[in-house]
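Below you'll find the structure, written out as structure tokens, and then a few comments.
The values are calculated or read from the model by the stated rules, or taken from the named source; none is laboratory data. The model shown is predicted, which means the values in this text are computed figures rather than measured ones. Note that we place each Cβ from the backbone using ideal geometry, even for glycine, and neighbour counts take in every protein chain shown.
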Amino acid sequence: MINKVILLGRLGKDPIIRRLDNGRVVANLTLATNESYNRDGQRMESTEWHNLEMWDNQANTAEKYMKKGDLLYVEGKIRTDRYTDSEGQERQVRKIRVTSFQMMGSLLSGPPKSNDQMGDSSANSGSNEAGEDLPF
């Protein structure tokens with residue numbers, strides 16, 4: 001079975017960082033992806049919003065270097081959290097648990113920063129897992 005998501009989009013707001021009692025750090029981000037299509041000869045655009053979750057070193061990198069509007073390439077897995085709200089209703093929230101990412105803004109506006117400068121982002125510095133250059 002495969003559960004893999006690949007997204008390229010822009011952050012909708014600055015990351016929200018939480019530090020847990022057990023010492024772990026979690027970052028929650030929103031990523032917008034856009035799709036263009038034609039309807040009746042007219043160009044239309046649709047935006048899809050994705051909730052992202054990063055943990056530990058990735059969350060630390062998000063806190064230091066990411067901000068609203070940044071272009072981000074993300075690989076991750078779909079997760080569903082289930083909880084009971086304050087009114088006793090069962091709720092569920094879908095999100096993308098990030099497994100790797102690449103901050104694309106630095107690649108588009110100048111030389112990329114190394115992972116040493118950004119912290120361990122589990123990113124591939126412009127390459128995919130097979131070592132090939134990414135198409136952007």
Report yes if Leu29 is surrounded by 11 or more Cβ atoms within 10 Å (Cβ to Cβ), touching a Leu at 6+ places or on another chain (Cβ under 7 Å), touching a residue at least 12 places away in the same chain (Cβ under 8 Å) and assigned to a strand (DSSP E or B), otherwise no. yes
Flagged in region 38-95 as under 20 Å from Val25 (Cα atoms) and of a type in the set (Gly, Ala, Ser), in numbering order, are Ala59, Ala62, Gly76
Selection within region 2-17 - surrounded by fewer than 17 Cβ atoms within 10 Å (Cβ to Cβ) and either in contact with a Lys or Arg (Cβ under 9 Å, 6 or more places away or on another chain) or at pLDDT below 95 (or both): Asn3, Lys4, Val5, Gly12, Lys13, Asp14
It is to be established whether one or more residues within region 9-26 are part of a strand (DSSP E or B), out of contact with any Ser or Thr (no Cβ under 9 Å at 6 or more places or on another chain) and more than 16 Å from Leu52 (Cα to Cα). yes
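Is at least one residue of region 36-44 part of a loop (DSSP other than H, G, I, E, B), over 17 Å from Arg97 (Cα atoms) and of a type outside the set (A, V, I, L, M, F, W, C)? Show your work before the answer.
Filtering region 36-44 down to residues part of a loop (DSSP other than H, G, I, E, B) leaves 40-41.
From what is left, the residues that are over 17 Å from Arg97 (Cα atoms) are 40-41.
Still in the list and also of a type outside the set (A, V, I, L, M, F, W, C): 40-41.
Yes, region 36-44 has at least one match.
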Does any residue in region 69-94 that is free of Cβ contacts under 8 Å to residues at least 24 places away in the same chain and of a type in the set (Lys, Arg) come within less than 7 Å, Cβ to Cβ, of a residue that is assigned to a strand (DSSP E or B) and loosely packed, with under 13 Cβ neighbours inside 10 Å six or more places away or on a different chain, and which pairs are these? Arg82/Glu90; Arg82/Gln92; Arg91/Tyr83
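Run down Glu48, Glu53, Glu35 and say which single residue is without any contact (Cβ under 8 Å) to a residue 40 or more places away in the chain, among the acidic types (Asp, Glu) and within 20 Å of Val93 (Cα to Cα). If you could, list the steps in order and put the result at the bottom.
Numbers: Glu53 fails: without any contact (Cβ under 8 Å) to a residue 40 or more places away in the chain; Glu35 fails: within 20 Å of Val93 (Cα to Cα).
Every option except Glu48 fails the conditions.
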